[in-house]
Amino acid sequence: MKRSEINVIMRNTVEFIKEQKFYLPQFAYWRLEDWKRKGSEIQEIIECQLGWDITDFGSGDFNTTGLLMFTIRNGNFQDSSKYAKTYCEKLLITEEEQITPLHHHYSKREDIINRGGGILQIKIYKCDEEDELSEDPVVVSIDGVKKNYEAGGIVELHPGDSIYLPSNIYHKFWGKKGYGKILVGEISTVNDDYIDNKFYEERKRFSTIEEDEEPLYLLYDDYKKFGIFD
Ligand SMILES: [Fe+2]
């Protein structure tokens, strides 16, 4: 992805969350020079991978296959003794027909929440022992109500609705056509997107960035690249 494209997505996000009356923590708006002035007091932000996360999953077309995320809170996946948090919260923004490809997590258990905007569609399958798609029906909990779906069935989440996805359920999601973009919440166990995702078809979780302009705000995948607190 080009840095200029990421900057536009960030600007649109800031506008959209303002309309939705959702607020991000202050570090969301730190500029590169602010990051560079910080020292060990921001260790938790770096080690728990907090911050902006924008990816096209290597597709080259963010609008078709891509996702904006912002990790608001998290623990440390690799060393749980370092931080007390056993949970993670993310903001996600999904556009109409913008696909997050089919994947499951080895460890993470998550609630995906439609917090406002359009309608979120989620295709689900059980995952078998070999990480393949099972043909078995899928039983899920939607806000505490048990529901049955066929393998590959599509769950629709309207604003306010949420689904619990245990680690053995493959999921793929997008915004339903004609209903607008969606402010999605994710509450989960501690997360590490560098190692905990299994994509059904091979995908790049983090995009390679072409630096055609200065970053507006840093992605958490940028902290190392820009030498923040190292
Ligand atoms: Fe997921």
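Per-structure values
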| quantity | calculated |
| --- | --- |
| Some residue of region 113-134 being of a type in the set (D, E, K, R), closer than 28 Å to PRO25 by Cα and in a strand (DSSP E or B) | yes |
| Residue among ILE112, ILE124, ILE119, ILE99 that alone is among the β-branched types (Val, Ile, Thr), near the ligand (Cβ under 10 Å from one of its atoms) and either over 8 Å from ILE182 (Cα atoms) or surrounded by fewer than 21 Cβ atoms within 10 Å (Cβ to Cβ) (or both) | ILE112 |
| Residue tally, condition surrounded by 16 or more Cβ atoms within 10 Å (Cβ to Cβ) and more than 11 Å from the ligand (Cβ to nearest atom), over region 59-70 | 6 |
| Region 30-44, subset more than 18 Å from VAL14 (Cβ to Cβ) and without any contact (Cβ under 8 Å) to a residue 40 or more places away in the chain, residue farthest from the chain's Cα centre (by Cα) | ARG37 |
| Criterion (of a type outside the set (Ser, Thr, Tyr), more than 18 Å from GLU89 (Cβ to Cβ) and either part of a loop (DSSP other than H, G, I, E, B) or modelled with pLDDT under 95 (or both)) met by exactly one of ASN63, ASN12 | ASN63 |
| Extreme residue, surrounded by the most Cβ atoms within 10 Å (Cβ to Cβ), among residues of region 71-86 that are under 17 Å from the mean Cα position of the chain (by Cα) and more than 15 Å from the ligand (Cβ to nearest atom) | GLY75 |
| Selection within region 180-199 - part of a loop (DSSP other than H, G, I, E, B) and surrounded by 17 or more Cβ atoms within 10 Å (Cβ to Cβ) | LYS181, VAL190, ASN191, ASP192, ASP193, ASP196 |
| For VAL139: the one exception among (1) within 25 Å of PRO25 (Cα to Cα); (2) β-branched (Val, Ile, Thr); (3) more than 13 Å from the ligand (Cβ to nearest atom) | (1) |
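The values are calculated or read from the model by the stated rules, or taken from the named source; none is laboratory data. All values reported here derive from a predicted model rather than from experimental measurement. Every residue, glycine among them, receives a Cβ derived from its backbone with ideal geometry; neighbour counts consider all protein chains shown.
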